[in-house]
Structures are given as structure tokens and as C-alpha cells.
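Heads up, the thing below is written out as C-alpha cells.
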Amino acid sequence: MATLQKIRDKGTLLVIVIGVALLAFVLGDLFTSGTTLFGKARDKAFVVNGEVISTQQYADKITEFEEFQKMISGQSSLDENTSSQIREAVYQQMVRERLLGDQTKKLGLTVTKAELNDMVHGENISPVLQQLPFFLDPQTGIFSRRALIEFINTINMPSPSPQEQALVNQYKSLWLFIEDMVRTQRLEEKYISLLSNAVIVNDLEAKTSFDLSQQNADIAYVMQSYFTIPDSAVTVTDKEIQDYYNAHKASFRLEAPLVKISYFSKEITPSSEDFAEVEAESKKAFTELQNATSPMSVVADYSDTPYRDVFVSEFMLTPSQVEFVRSAAINEIAGPKREGNAYQIIKLIDKTVAPDSVRLRMMAIPDASMVGQDSVVTNFVDSIYGLLQGGRSFAEVANSLNPNSNGGEVGWAREIDLVQMGSGLVQAAFTSPVGQPVKLTVPGQQLILQVEERTNPVNKYKVAIVNMPVVASEKTSNNIDNELNQFVSTPDVGAKFNELASEKGYMVMPNITVSANEFSLAQIPGSRQIITWAANEKTRGAIKKFDLTNMRVIARMDQVIPAGTTPLSEVSSGIRTQLVNKKKADQIVTDLKAQSLTSLDAYASAMKGAVDTVRFVNFNTRNITGLGFEPVLNAVSAFAPVNQLVGPMKGNMAVYVTQVSNRTQGTESYDAASQKMSMLNNNAYRLQMQSVEVLKEKMGVEDNRYRFF
């Protein structure tokens, strides 16, 4: 009882203690468990119509695309440029999927299982499948239904072995990816079809468009470019710029922030000490190569390229190497000689006169020891060889063994192309009689080859080349890094960046503007990290050193312009140019009209130009030869009376005075259905491009990738 009373007496204190403990528990969970809630709130690679796509979702989809790209290209790795393009393509697709997915759901548009099955197995195969390389016939480059069926059969392989299971799993994963592409493409096709069919093309519109396309004009013209008048000749006020900006704000929308960066770069190049060290080493290599009975081990020890025991033609040698081998005696050696950033030694091993290349056909059969059927394989090879000896066509026999072998055609090959399969193959290819089959054993395979033809004999040389590149040593790199680290740590380096860099002899690229999602800074490999840093840097004028491959970059963040509407300060220069050109055009037109000129020659004199002509221009011509996009001339081609002066008129780049000298009518027959279909297809293309942009604006897309990637 006494204990219970004590609890009652201190009840208020106990409640406070428990409350504090609970609060500490909750806050502890918030701040210690990977900052779960705050992390989720920040982890937004991008947001589409309120749906958050996390960095993990985005990264997973990028990985899928990269694996897909590797499979269709046969590459084991992707270069930086390809990876950057994939990241952007993934973003665009994920945004489109969500924007269109929302709309198609509201409209009740779906892709059923039966429809999907028809696009895979039916008569109307999906365009996606028809374009993928592994569903194409290697001989014709055309879609092969058989290749598609074989791929699907692999996925559905019953009871695969452990080795086969890995391939089946890989194909299944790939197929799910392809199937998703097919479904998305079909759904988008339905949506665009619905939009485009909502815009009809009537009979009058179709006939008018056709008639205008058939009406070609030859136009004589005189032009006066806006550049012929100095900008100082017209005045554009700040208010005019502001008014234009206010009226066109929608065209100045930014999806991602703009970043302004000043920077200079320093290449990591070898020092004189590095060259001296490699030169000394090359002298050792020279002595060893001079005394060696076989050059292979010396080349392997010193050179960055291996020794190839083959003859090569002069076409495969550098000019200085050709000069040496033409006059050198066997076993003569030259060097070490500096060639660019390398030291080179060359030794002539042998010379001959022989064909540079041969055209081969070949059949390969797994060696008997590989399959454990010695007598069976040997008899099989002998029987094939007997058929060839008996007069059967090599191509016919090769195709009977493998219909996709193209008759065993290997194509043209040089010695260096064949040496990896052994010197015996090289010997047979370059010495066997043309048209006579030859049996040959190479590691793991038995071959039957036949030489179809050879090139004419040329001078060929067997050479040992020791190529020793000079690279920057660790000491050289450290010296450069120390120099740049001292620069970065200089007091007030941010404020005095340009002048301090100039004092040190560095050339600064000032105030470069890039999108926060740009792949690279000024096409410098690996420089995406600089943009990411600057876009996320809070302190204006901050300096950072970046260690790139063979290069160091010192960058200063000058300014970050947030996504949204671009500030007037960033676009005023472009607006001013447009308004200046408009006023120049008004001035030129006014001056010309005041002169009451009556001929093109008179206008040419007044405009300080010459009469020129363009031919075959019609109302639909998008790009006029030598002038570009000038809609006023399209209108002249269609509607101006023949041999009558038209102008002066304002164009995009100049003021024009024109005269149609001839107008011809096309001979095509009008087909209303075909014309309407063509116009509907053009509408569909425009709507496809424009609809996504409209949906982005209406539904909202927030791109935060620059914060993470």
C-alpha cells in the first residue's frame, strides 16, 4: 500500500517521465533508423502528377535498360555516352508511361492478354519485336518469325539442366522487359490514335493541301540581312523587353535548374623526368632485342602490344616504320625513337613477297577429345572432306550442316586476323592451292577450309615492335595535385578566381551555363559530377577540385537558377536581339517603300545586294535552299501573281523583295483517301510530340535527378 501511495503522490512526475521517454523513442526512431521518414520525403528522383519515383526505382529501370542494351549490342560494358543516353531515355519513358497511363485509365484504354498474344504470335507482329536484332534473319536483316519462336521456346524449355537454367532465366527476364515495351507502345498508339482521329481532315482542306503541294514556283529575290544594320541604329527599351517577357512567359519554362560554372582544367601529362625514365628503359629493351634469338619474350616484357609472328604489308605500318623496313637487312634494329608520347624500337625479322589477304570458306567441327567420340568425329570429318574431294560445292556442304552459315563464307582476312587460331591455319590459308579443301586441327576444333581467292603479291614484313608509352608517374600527378590544392586553399579564391587563375597561367572558361541534368560540362569525359556538385552547392562562389581521368578541373559555382520560369535576366539578351531585328526590319521596309522602286534590279541597288533565285518552292517546302525556314517565301510561291514584284517583306533573317518568274503544276493525280490519310498521319505525329508536353504542364513533372545523379 505504501508503495502504491508513493506512485499516486508522484503520478504527475511519472507521466512526464514516461512522456519524455516515449518522445525520445519516437525521435530516436526518426533520427537513427536511417532517417526513414525524412529520407523518404527527400528521396524523389522525380515526381509525375503527384507520384514519387524514388532513386531506387529509377536506378533499377536504368539497370534493366543497360542489360537490354548489352544483350542487343553484344557488348559486356557501355561507354559513358551510351549510359548517359540510357539514363535520359529511361527518364523520358517513365514520365510518358505515367502521364499516358493516367489518361488511358480515365479513357478505359487497355491492352488485353489476347491482344498482346496476337502481337507476339498473330499476323500483326508488334513493330517493337520486328526491330529487335535477335529476331532478325542474319542474312536478310528482315524479321524472322522462326527466330522469335526459338526465343520463346527457350523460355518455356521443360526441365532445363543447371547450365541451361541460367540462360532460361536471362531470357525470361529479357522477355518480361520486351513484353512491357510492346504493351506500352500499343497503349500509346491507341491514345495517339484517339487524339488524332478527334482532329478531322475535311474534303476542302485535303484538296487545298494537295493543290498547294503540286504548285512549284521559281522565285527571283533580293534580300537585305538584318546584320547589315548596326544594333546601335535602333533602340529597344527595358520596358519593351519586359513587356515581351510578360507576354511569352510560357516559352521560358525550365524543367530543371540552370547552373552557371566558371572553371579551368589541367591535363595530367608526363613530365620530362617521366620521359627520361622510359627512354632509359627503352635502351635496355634495345640491347635485349638486339641479342635475343626470339623477340617474343622481349616484346612481352617491355611493349604495350604483343608480338605477332606474322607477315604484314606496308599498309599496316607507320610511315617511319615503312621507311625502315624497305632498306633494312634481316635482324637489323632501329631505335629507340620517340614517337609522340612513346618510345619505339623496331627489328626486321624477315621479309617476303606474298598476298596481303585471302578470301576463305570454313567449316568447324568440335574436336573429338572435346566430345569423347574420337572415331565418330574423325569419320564425320573424313566423310565431309570426301564429299568436297568428290566435287561437291563447299558452300552447299556448309549450308547442309548449318543453314545459317552463308556457305561457310569467312570473307577476306589477313595473316594477323587469323593468327589467333594458330600458325598452322595461317600457313594453310596463304599457301594452299585456291579451290582445294584442306583439313586442319586447331585447339578444340577440326577445320575444313578452302581458299576462294587471294590478292596480288605485295612486299610483306615480319617485324618485332617494342612500343613503350610514356605516362604520367605518380610523382608527376602528385605534383600537379599539390599545386592545384594550394590554389584551392588560397584565401578569397572564390572572389578572385579569374585573376588568381590567370596569374598561374590557367585559362578560365567563365560563367558557362548548363542544365542541371546535362550529361557533361563542355564534353569533358566524366564531368557529370561537376554539374551535380554545382547544382546542389548552397554557397555561391564555392570552389572545388575534381579528379578526372588524366585531368583535373577546378570549378566555381557562380549561380543556380531554379526550375520554373527562367528569370528575365537570363533571357533578356535573346529577347533584345529579336526586338532589335524587328525594328531593323521596320526601318528597312519603311526606307525601301519611300523610294517607290519598280524593279528587282533597282531594289538590289538600294539594298546593296544582288538578284538571286530559288527553284521548285511550294507552300509546303520546309527548308528553302540557301535561306532556311522563311514562311514568307512559301506564301509568295503559292499566291503571288507571276512576274509581279512582292515586297518588301519581313522574314526571319532578312527583308525580302520577290518576284515569281515561273510556276509549274505537278502531274500527280489527286487521291482524296490517300491525301487525308497522309495528313492524319502528320497530325498524329505532331500530337504525339505535343501531347506529352501539354500533359507535363497540366499534370506537373518535378525533375530532381540532378540531386542524386
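Being exposed (fewer than 15 other Cβ atoms within 10 Å of the Cβ), at negative phi and within 24 Å of the chain's Cα centre (by Cα) is the filter here; which residues of the stretch 548-562 pass it?
Selection gives 549 alone.
I'd like to know if the stretch 602-615 contains one or more residues that are in the same structural domain as residue 626 (by TED's automatic domain parsing), in a helix (DSSP H, G or I) and among the charged types (D, E, K, R).
No, because not a single residue in the stretch 602-615 is in the same structural domain as residue 626 (by TED's automatic domain parsing), in a helix (DSSP H, G or I) and among the charged types (D, E, K, R).
Considering only residues of the stretch 509-538 that are aliphatic (A, V, I, L, M) and touching a Lys or Arg at 6+ places or on another chain (Cβ under 9 Å), which is surrounded by the fewest Cβ atoms within 10 Å (Cβ to Cβ)?
Among residues in the stretch 509-538 that are aliphatic (A, V, I, L, M) and touching a Lys or Arg at 6+ places or on another chain (Cβ under 9 Å), the one surrounded by the fewest Cβ atoms within 10 Å (Cβ to Cβ) is 512.
Output the residue which, of all residues in the stretch 256-281 that are of a type in the set (S, T, N, Q) and either assigned to a loop (DSSP other than H, G, I, E, B) or surrounded by 14 or more Cβ atoms within 10 Å (Cβ to Cβ) (or both), is nearest to the chain's Cα centre (by Cα).
265
Read through the list (1) touching a residue at least 12 places away in the same chain (Cβ under 8 Å); (2) exposed (fewer than 12 other Cβ atoms within 10 Å of the Cβ); (3) more than 30 Å from residue 347 (Cβ to Cβ), then give the number of the only condition that residue 503 fails.
Of (1) touching a residue at least 12 places away in the same chain (Cβ under 8 Å); (2) exposed (fewer than 12 other Cβ atoms within 10 Å of the Cβ); (3) more than 30 Å from residue 347 (Cβ to Cβ), only one is false for residue 503: (1).
Looking only at the stretch 193-200, decide whether some residue is within 19 Å of residue 70 (Cβ to Cβ) and over 31 Å from the mean Cα position of the chain (by Cα).
Within the stretch 193-200 (the criterion being within 19 Å of residue 70 (Cβ to Cβ) and over 31 Å from the mean Cα position of the chain (by Cα)), the answer is no, since none of the residues qualifies.
Rundown of residues vs (1) of a type in the set (Val, Ile, Thr); (2) touching a Phe, Trp or Tyr at 6+ places or on another chain (Cβ under 6 Å); (3) assigned by TED's automatic domain parsing to the domain that holds residue 411, yes/no style:
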position	(1), (2), (3)
276	no, no, no
281	no, no, no
298	yes, no, no
306	no, no, no
331	no, no, no
336	no, yes, no
376	yes, no, yes
383	no, no, yes
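Quick one: count up the residues across the stretch 45-63 that are surrounded by fewer than 17 Cβ atoms within 10 Å (Cβ to Cβ), charged (D, E, K, R) and touching a helix residue (DSSP H, G or I) at 6+ places or on another chain (Cβ under 9 Å).
Qualifying residue count for the region: 1.
Output the number of residues of the stretch 587-596 satisfying the condition of being without any contact (Cβ under 8 Å) to a residue 24 or more places away in the chain and surrounded by 10 or more Cβ atoms within 10 Å (Cβ to Cβ).
Total meeting the criteria: 3.
On the basis of being within 30 Å of residue 436 (Cα to Cα) and not acidic (Asp, Glu), does residue 318 make the cut?
Spelling it out, it is not the case that residue 318 is within 30 Å of residue 436 (Cα to Cα) and not acidic (Asp, Glu).
Quick one: what pairs do we get from the stretch 439-457, first residue over 14 Å from residue 421 (Cβ atoms) and without any contact (Cβ under 8 Å) to a residue 60 or more places away in the chain, second among the aliphatic types (A, V, I, L, M) and surrounded by fewer than 20 Cβ atoms within 10 Å (Cβ to Cβ), C-beta under 7 Å, 6+ apart or different chains?
439/381
Would you confirm, using the coordinates I've provided, whether residue 552 is among the basic types (Lys, Arg) and part of a strand (DSSP E or B)?
The answer is yes for residue 552.
Out of the residues in the stretch 174-205 that are free of Cβ contacts under 8 Å to residues at least 60 places away in the same chain and not hydrophobic (A, V, I, L, M, F, W, C), state the one that is surrounded by the fewest Cβ atoms within 10 Å (Cβ to Cβ).
Among those that are free of Cβ contacts under 8 Å to residues at least 60 places away in the same chain and not hydrophobic (A, V, I, L, M, F, W, C), it is 202.
Starting from residues that are in contact (Cβ under 8 Å) with a residue 24 or more places away in the chain and among the aromatic types (Phe, Trp, Tyr), keep the ones in the stretch 654-709 and report whichever is nearest to residue 601 (Cα to Cα).
Only one residue fits best here, namely 656.
Can you give me the number of residues within the stretch 563-586 that are assigned to a loop (DSSP other than H, G, I, E, B) and surrounded by 17 or more Cβ atoms within 10 Å (Cβ to Cβ)?
Total satisfying the criteria: 2.
Just the residues that are in a helix (DSSP H, G or I) and farther than 22 Å from residue 50 by Cβ, please, taken from the stretch 96-128.
113, 114, 115, 116, 117, 118, 119, 120, 121, 127, 128 - these are the residues of the stretch 96-128 that are in a helix (DSSP H, G or I) and farther than 22 Å from residue 50 by Cβ.
Can you find a residue that is within 26 Å of residue 235 (Cα to Cα) and assigned by TED's automatic domain parsing to the domain that holds residue 234 anywhere in the stretch 625-632?
Scanning the stretch 625-632 turns up at least one residue that is within 26 Å of residue 235 (Cα to Cα) and assigned by TED's automatic domain parsing to the domain that holds residue 234.
Of everything in the stretch 416-429, what is surrounded by 16 or more Cβ atoms within 10 Å (Cβ to Cβ) and either of a type in the set (Gly, Ala, Ser) or at pLDDT 95 or above (or both)? Give them in sequence order.
428, 429
Might you let me know whether the stretch 253-261 holds any residue that is at pLDDT 95 or above, farther than 30 Å from residue 555 by Cα and aliphatic (A, V, I, L, M)?
Checking the stretch 253-261: not a single residue is at pLDDT 95 or above, farther than 30 Å from residue 555 by Cα and aliphatic (A, V, I, L, M).
Identify the single condition in (1) touching a helix residue (DSSP H, G or I) at 6+ places or on another chain (Cβ under 9 Å); (2) loosely packed, with under 15 Cβ neighbours inside 10 Å; (3) modelled with pLDDT of 85 or more that residue 139 does not satisfy, given that it satisfies every other one.
(3)
Condition first: crowded, with 18+ Cβ neighbours inside 10 Å and closer than 30 Å to residue 95 by Cα. Can you find one or more residues in the stretch 233-246 that meet it?
Taking every residue of the stretch 233-246 in turn, at least one turns out to be crowded, with 18+ Cβ neighbours inside 10 Å and closer than 30 Å to residue 95 by Cα.
Tell me, please, whether a residue that is modelled with pLDDT under 90, within 16 Å of the chain's Cα centre (by Cα) and among the basic types (Lys, Arg) can be found in the stretch 91-107.
Looking for residues that are modelled with pLDDT under 90, within 16 Å of the chain's Cα centre (by Cα) and among the basic types (Lys, Arg), one finds none in the stretch 91-107, hence no.
Can you find, within the stretch 353-411, the residue that is modelled with the highest pLDDT among those that are aromatic (Phe, Trp, Tyr) and crowded, with 17+ Cβ neighbours inside 10 Å?
Residue satisfying both the conditions and the ranking: 394.
For the stretch 521-537, name all the residues that are farther than 19 Å from residue 562 by Cα and touching an Asp or Glu at 6+ places or on another chain (Cβ under 8 Å).
Listed by number, the residues that qualify are 525, 526.
Sort through 492, 591, 586 and tell me the only one that's acidic (Asp, Glu), modelled with pLDDT under 95 and assigned by TED's automatic domain parsing to the domain that holds residue 261.
Going through 492, 591, 586 in turn, the sole match is 492.
Can you find even one residue in the stretch 151-160 that is in contact (Cβ under 8 Å) with a residue 24 or more places away in the chain, surrounded by 11 or more Cβ atoms within 10 Å (Cβ to Cβ) and part of a helix (DSSP H, G or I)?
Checked against the condition, which is being in contact (Cβ under 8 Å) with a residue 24 or more places away in the chain, surrounded by 11 or more Cβ atoms within 10 Å (Cβ to Cβ) and part of a helix (DSSP H, G or I), the stretch 151-160 yields at least one hit.
The values are calculated or read from the model by the stated rules, or taken from the named source; none is laboratory data. The shown structure was predicted, so the numbers you read here are calculated from the model rather than taken from an experiment. Using ideal geometry, Cβ is built from the backbone for each residue, glycine included, and neighbour counts are taken over all protein chains shown.
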